[in-house]
Structure formats: structure tokens, C-alpha cells
1. Suppose we keep only residues that are hydrophobic (A, V, I, L, M, F, W, C) and in a loop (DSSP other than H, G, I, E, B) within the range 615-636. Which one would you say is surrounded by the most Cβ atoms within 10 Å (Cβ to Cβ)?
2. Might you check whether a residue that is under 15 Å from V482 (Cβ atoms), more than 40 Å from the chain's Cα centre (by Cα) and hydroxyl-bearing (S, T, Y) occurs anywhere in the range 548-555?
3. Suppose the filter is surrounded by fewer than 19 Cβ atoms within 10 Å (Cβ to Cβ), under 22 Å from L182 (Cβ atoms) and within 30 Å of the chain's Cα centre (by Cα); does G77 pass it?
4. Might you let me know whether the range 96-117 holds any residue that is in a loop (DSSP other than H, G, I, E, B), free of Cβ contacts under 8 Å to residues at least 12 places away in the same chain, within 26 Å of I207 (Cα to Cα) and in the same structural domain as S203 (by TED's automatic domain parsing)?
5. Go through the range 528-567 and report how many residues are in a loop (DSSP other than H, G, I, E, B) and over 15 Å from K516 (Cβ atoms).
6. Tally time: how many residues in the range 681-705 are within 16 Å of T616 (Cβ to Cβ) and at pLDDT 80 or above?
7. Of all residues in the range 158-182, which are under 35 Å from the mean Cα position of the chain (by Cα) and buried (at least 24 other Cβ atoms within 10 Å of the Cβ)?
8. Where the second residue is of a type outside the set (A, V, I, L, M, F, W, C) and assigned to a loop (DSSP other than H, G, I, E, B) and the first is outside the structural domain of Q636 (by TED's automatic domain parsing) and over 9 Å from P314 (Cβ atoms) and lies in the range 344-361, which pairs have Cβ atoms under 6 Å and are six or more apart or on separate chains?
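The values are calculated or read from the model by the stated rules, or taken from the named source; none is laboratory data. Only a predicted model underlies this, so the values are computations on that prediction, with no experimental measurement involved. Heads up, the Cβs are rebuilt from the backbone with ideal geometry, glycines too, and the neighbour counts pull from every protein chain shown.
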Amino acid sequence: MAKTTTRNSYELGLGLTAEHRALADSVRAFTDRHIKADDVRTAVEAPVEQKLPPFWDALVQQDLLGLHIPERFGGSGVGILTLAVALEALTRRISPGPFVPSVLASALIAASESKAQIELLPKLVDGSATAAVAIPGQHTQFSAVKTADGYVVGGTADAVVGGENADVVVFPADIDGQIAWLVAPGDKFSRAAQDSIDVLRASAKLIARDMTVSVENQLQGLTRAHAQSICSVILGAEAIGLMSWCVSTAANYAQTRVQFGRPIGQFQGVKHKCAMMGVALEKARAVIWDAASALDKGDATAIFAADIAAAIVPESAVQVAQDCIQIHGGIGFTWEHDAHLYYRRALAIRAVLGSQEQRLERVAEQALDGIVRGCDIELPDEAEQIRQRVRPELDAIAAITDEDDQLIALGDGGWVQPHLPKPFGRGAKPLEQIVIAQEIAAAGIAMPQLLMGGWAVQAVVAHGTEKQKQELAVPTLRGDLVWCQLFSEPGAGSDLASLTTKAVKVDGGWKINGQKIWTTVAQFSDWAMLIARTDPAQPKHQGITYFVLDMSTPGVTVRPLREMTGSALFNEVFLDDVFIPDEHVVGEVNDGWNVARTTLAGERVALSQKMEAYATDKDLLAFAQGRELGAYARLQVGQLIAESQAVDLIGSRVVLQQLSGADVSTTSSVGKLLGMALGQAISEFVVAELGPAGTVSIPGQPSDKAMEQLIAGRATTIYGGTTEVQLNVIGERMLGLPRDAEPAGAEKAGAEKAGAEKVRESV
């Protein structure tokens with residue numbers, strides 16, 4: 001897929017820094033120059049795998065083999081995260097060769113304290129030796145006996161990737177009931193090629209019969225869990241490269257393949273499948289990025305982070321590869337198409353990392369034991385200067401004991417929406433917004449909940465008169481006014497161009513007639529944002545005007561809509577000859593569409609993708625910790641914890657992308673989509689696990705809260721843009737799929753729909 005002019009995460013990949021983006025671009029350029037399709041196909045058909053592929057010398061010259069290796073051993077010393085960035089870019093072009101097995105082996109050796117580092121790492125860095133790793137599991141069964149000279153090893157390992165030709169093999173062995181990691185020359189094993197599902201990278205069975213290994217070749221200090229984490233991250237990074245190719249290839253095909261007179265990407269079933277592939281890719285990137293970072297820093301929770309990545313990435317890679325074949329239809333099932341090569345490698349990666357049950361159980365065990373992996377964002381040095389500037393002001397506000405006076409100080413100081421221009425905000429750029437949010441939380445300051453008022457203020461500040469700003473924006477920021485939004489109608493939900501509410505010009509103002517629906521908190525609101533059609537002769541959005549409406553105006557009737565929960569958060573609002581004075585038009589007449597889609601230059605930073613009002617991972621752990629759970633329930637806990645962490649990490653990546661000036665619109669949609677469903681899944685798990693106690697009120701049981709969260713949570717995938725709408729946004733904006741077919745004669749449909757989706761996302 002061709003690059004866009006904006007820095008979109010889908011195109012940029014795993015890395016977020018300028019250095020990582022440059023590295024990824026360089027590696028992609030290398031693959032374009034040196035990994036030729038003919039060479040790949042020759043390797044596919046070859047009866048025996050070549051030890052080194054034709055591009056090996058060129059690859060060595062790129063210095064990629066030693067990115068993660070300390071400089072004292074000939075490497076670059078820039079860490080596993082940088083290696084992961086390069087791996088994603090490199091493995092987008094599937095190829096034969098021992099690169100991944102070799103860097104995995106060298107990473108394990110480098111993570112130990114062993115004299116083998118001095119002898120082996122320089123050779124693995126300069127490409128003069130290749131390596132393979134026997135990954136722990138039922139397929140790897142080595143044991144060793146300590147002797148005066150070292151160890152005597154016996155046993156076998158199946159499915160050792162690259163094992164047939166490897167100069168060096170890293171493997172685990174049982175020594176008196178404990179796992180130790182050893183290194184031995186490849187030719188000391190008896191080796192037998194195995195017919196691998198991956199036709200581009202052969203696997204072998206390794207057999208050790210009384211094989212001697214010196215003490216110097218024991219990787220001291222390398223635990224099984226640490227080694228497993230390194231394997232999960234490096235193989236996971238390769239899997240992301242496979243996923244990236246599958247997503248872009250499927251999207252390209254869906255754009256160009258025509259069926260029934262239109263591109264198949266226009267059919268919602270195809271569009272949504274492609275979108276879910278993109279969602280899976282972003283989720284996988286987030287967890288590998290975090291796990292690699294944690295390993296580089298030596299974080300205490302690095303193993304937990306890597307296990308979360310292992311719980312998500314291998315399964316996702318297989319599913320995305322399957323979906324790529326499905327999108328291509330019959331052509332995807334042919335030997336000549338490359339899709340099956342990516343599918344085969346995804347299957348091979350998943351297999352050697354153990355079963356999904358094992359991976360989920362590791363996550364569940366750690367989470368239930370109280371291990372928590374935070375999502376703290378590393379801010380640049382400039383953040384500390386901002387912090388020192390804003391902290392004293394916020395400490396002074398925190399010291400105000402009167403709640404009303406504190407709200408006034410927050411509003412007048414620009415703290416409520418700091419991204420707004422002064423004096424309503426602080427004109428804060430993304431970095432300053434993050435620091436302010438952190439300092440407000442640290443000071444324990446309760447912020448006013450503006451709800452829809454946040455969007456009203458933004459429109460008024462951008463387009464309103466000075467009087468509107470003083471009479472509406474200022475008191476709203478102080479928490480004095482409650483707002484609702486009169487946009488949706490019974491026949492105009494997402495498609496606001498279909499508005500039928502009419503505004504007719506009269507002396508001194510406008511007379512409004514129409515009906516609005518799904519209006520949140522209308523029964524409690526002081527003011528409303530209203531868009532109505534002021535010129536029916538103009539097409540669609542061109543004849544709409546943006547008004548602010550005093551909800552106490554005669555002719556306004558609010559009728560609550562009772563929901564599944566029994567309460568009434570939403571309402572329908574009837575407007576019968578409602579008079580709105582000219583002074584309550586925001587912006588220009590017939591230019592309401594531009595007002596409605598307003599986003600100021602100072603982009604707002606949202607620090608969370610989760611809906612805290614609904615079930616979260618905290619609720620899940622509060623329920624599950626200390627409770628006797630069955631095996632299947634524990635796996636569900638592991639899955640939900642992994643998914644929750646992924647949502648948090650996507651949010652962190654969005655913030656970091658904003659700090660670098662990247663376009664985050666599609667990544668935000670991914671986080672929103674996943675966050676919407678997460679609360680539902682958690683509450684459904686709790687209620688199901690409670691059994692009958694989850695459906696009736698029982699003293700001492702969490703049934704009341706669980707039932708409430710379950711019923712209320714059904715709305716989360718509807719309002720704010722349904723799951724299906726979000727998938728459309730992701731498919732069209734992230735992947736470039738064609739927009740839905742428009743009715744014949746629809747004028748300017750594409751541009752108007754793009755605007756509608758932007759407003760729909762915001763709301």
C-alpha cells in the first residue's frame with residue numbers, strides 16, 4: 001500500500017520515534033532491493049534448504065544481526081525494541097534464511113552471563129555463524145548430568161527452526177529438576193530434516209547422545225521465564241511483519257477486485273473483515289512494543305508484558321493470515337500466491353511458542369497474584385520544566401476548600417480544557433496537556449464533568465461571538481452549565497446530511513420545528529447544541545446552521561426514553577415553533593456543518609481508551625482474586641487481562657504519536673473499538689461465573705453491580721458510533737478501502753460522508 005502523506009501508525013509500524021521510523025524505512029528499502037520474488041520462489045521449490053540465502057551478505061552489511069547485542073561484542077547495543085522494529089520491516093517480505101533464528105539465539109546468549117558470549121556473539125553479529133534455538137515445550141526434551149568437565153546431554157528436540165544447518169544451537173536441558181540453558185555446536189547433534197509446514201524455513205529434529213557441553217557454555221543467569229519472554233517478543237515481532245503484509249495485501253486487493261460492478265472492499269462484510277485485521281495488527285504492535293521496551297529496561301514486570309504479548313500475537317497472526325486468504329478468495333488458495341507462505345509461517349511461530357492455554361494461564365497466574373503492568377508514558381525532558389511551572393498553580397487550587405470556588409479557579413485558569421486557546425484554556429500542546437492531567441491527578445483535584453459541554457465550548461470558542469463566549473463558554477468551564485446535543489433525528493442518525501428539523505427565518509431570529517432523539521441528559525440540560533436546516537434549497541450539509549438553544553425556551557418538550565437498565569439517560573426532544581434569537585446562531589448561517597465538525601488547532605489528548613463507568617480490569621480482578629476458578633475461567637481471565645492491557649497500550653501509543661505530530665485518528669478508532677467491547681466482555685464473564693447468583697440480588701455477592709454493568713454495558717457498542725461504524729472508519733481511513741456505495745445522483749457524497757464520520761467519531 002502506498003504511503004500516505006500523514007504519519008499514520010498503520011504505515012509507520014511498530015516504532016514511534018524518528019530513529020525507529022528511519023530504520024524501518026531503510027529495512028523496507030533493503031527488502032525491495034535484495035529479496036527478490038524469484039529467489040523466494042526458488043527456495044519454495046528447492047528440495048533442500050540452502051544454508052544461506054542469496055541476500056545474506058547484503059543483509060549482514062546492514063548491521064541488523066547485532067542491533068540488540070552490546071557494543072563490546074560487536075553489536076550496536078540499541079536493544080530488543082529496535083530489533084523488533086527492524087524485524088517487522090524485514091519480515092513483511094517473507095524469505096528463507098536463518099536471520100530470525102540467529103538473532104533469537106544471540107539475544108538469549110546476550111541475556112546471560114557466560115564466557116560463550118565472547119566466542120559466539122561476534123560471529124553471530126558478523127554473520128560468519130548462524131544459530132538456532134530449541135524452544136522449551138513438550139517437543140523439547142533434553143536432560144543433562146553434571147560431570148567434572150561440564151555436562152553430558154541426552155535427549156531430542158523436534159521442530160527446531162533452522163536447526164539442520166545451524167552452526168550453533170541454544171537449548172534448554174533439565175539438570176536435577178531445574179532448567180538450564182546450554183550452547184553447543186550444531187554438528188555435535190544428530191540432525192534430521194523434518195517436513196515443515198513452513199516451506200521457506202526448514203525445521204529439524206536434533207538428537208543428543210552423550211553429548212558433552214563445557215561449563216563455559218552454560219548460559220548462567222538465564223531463567224526459563226526470561227528466555228521464554230525473549231522468544232515471545234522476537235518471534236512476535238516477526239509475526240507482526242507477517243500480519244502487516246497480510247493486512248496491506250488484503251486491503252489492496254479489496255480496493256481493486258471488482259465484483260457485481262464495484263470493488264469488493266465496498267461490501268461491508270469484506271470491509272469489516274479487513275478492518276478487524278487492521279485492529280489485530282495495531283493490538284499486536286502495542287503489546288510487542290511494550291514487552292520489548294520492558295525487556296530492554298529490565299523491568300520487574302517484563303515477563304508479564306511478554307506473556308501478554310504471547311497471549312495475543314501468535315493467535316492474531318494466524319487469524320489475520322487466514323483472513324488474508326479469505327479476502328483473496330480462490331486466488332488466495334493457489335500455490336502461486338504468496339498468502340499461504342505467510343499463513344504457514346504464522347502457524348509455525350504459533351506452534352513453537354506453546355499452546356494458547358499455556359500462554360493464557362501464565363497471564364492469569366501473574367494477574368491473580370497481583371502483578372500489574374503499568375502504562376506510564378516516558379516524556380521528554382521538556383516535561384519536567386512544564387511540571388515545575390504548573391505544579392505550584394495547581395497546588396494552590398487544590399488548597400481551596402470551597403468546592404464552588406475551586407471550580408471557578410479551574411475554569412478561569414484554563415485547566416478544564418487546557419487545549420483551548422487562552423483565556424478559555426491554556427493553549428496547551430499535547431505534552432503540556434499530559435503533564436497537566438498527571439499533576440491534576442497527583443493533586444487529587446476533582447474536575448468538572450462537562451460531558452457534551454466540552455464540545456459546545458469548543459464550537460463556541462472557535463466560532464462564537466464574544467458575548468457567546470462570555471455567557472456560555474465561561475460558565476460551562478466553571479461547571480455551572482449542563483449541555484446536551486440536538487443532532488440525531490429518527491431519520492438522521494449517523495447521516496446528519498438527512499436532517500429534517502427546519503429553521504425558518506422570522507423577525508429577530510428563527511422558528512424551529514422538528515424532532516431530535518437519543519439526546520443524552522436533555523432532561524437536566526440548561527443549553528443545547530442544535531443543528532437545523534435553514535436553506536432546504538442547498539444540498540445536504542450546505543444548508544445547515546448551528547444554534548445554541550436555551551432548553552427552558554417555550555415549545556421545547558423533553559420526553560425521556562427508558563432504557564434496558566430501567567433508567568432514562570437518553571431522551572427524545574420535540575421542537576414546536578421554538579424561537580431562537582439571531583444572537584444564538586454560532587458562526588455563519590448555512591455554515592453550521594463547519595461549526596459542527598470543529599476541532600481546534602490545539603488537538604486534545606485523551607489519556608485513556610477505556611470506559612471507566614463500565615466494567616474494567618479492576619472489577620475483573622476484584623472479582624477473581626481469591627476466588628476458586630475453574631481451568632476455563634482462568635483462561636478467560638488471562639484473555640481479558642491481556643485484552644485490557646492492549647487497550648491501555650494503544651492509548652499510550654496514541655499519546656506518543658500525538659507528541660511526535662503523527663495522525664492518530666485511525667489508531668484512536670482502534671482503541672475506541674476495543675475499549676467499547678472490553679467492558680461488555682468483563683461483565684459478561686462475571687455474571688456467567690456467578691451462575692444463579694449473577695441474576696438475582698444475594699447479600700454478600702457482587703451480583704447487583706455485575707448485573708447493572710452487564711445490562712448498561714450493552715450500550716457501549718452502540719453510542720458514540722456503533723461497532724459497525726467504527727469498523728467502517730477503520731477500513732476506510734486506515735486501509736484506504738472505498739466508501740460505501742452512494743445512491744445515484746448523490747452530490748458531493750464522498751466529502752460529506754467524510755465530514756459526517758469525523759463528527760460521528762467526536763460525538
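1. Checking each candidate, the answer is A615.
2. The answer is yes, given that some residue of the range 548-555 is under 15 Å from V482 (Cβ atoms), more than 40 Å from the chain's Cα centre (by Cα) and hydroxyl-bearing (S, T, Y).
3. no
4. Within the range 96-117, the subset in a loop (DSSP other than H, G, I, E, B) is 96-98, 111-112, 114-115.
If we keep only those that are free of Cβ contacts under 8 Å to residues at least 12 places away in the same chain as well, we get none.
Scanning the range 96-117 turns up no residue that is in a loop (DSSP other than H, G, I, E, B), free of Cβ contacts under 8 Å to residues at least 12 places away in the same chain, within 26 Å of I207 (Cα to Cα) and in the same structural domain as S203 (by TED's automatic domain parsing).
5. Initially, the range 528-567 is screened for residues in a loop (DSSP other than H, G, I, E, B), giving 534-539, 551-555, 562-567.
With the extra rule that they be over 15 Å from K516 (Cβ atoms), the set shrinks to 534-539, 552, 554, 562-567.
Residues in the range 528-567 being in a loop (DSSP other than H, G, I, E, B) and over 15 Å from K516 (Cβ atoms): 14 in total.
6. Let us first name the residues in the range 681-705 that are within 16 Å of T616 (Cβ to Cβ), namely 681-687, 702, 705.
After this cut, where a residue has to be at pLDDT 80 or above as well, the list is 681-687.
Total satisfying the criteria: 7.
7. V160, V161, G162, G163, V170, F171, P172, W181
8. Correct list of pairs: R344/D198; R345/D198; A348/D198.
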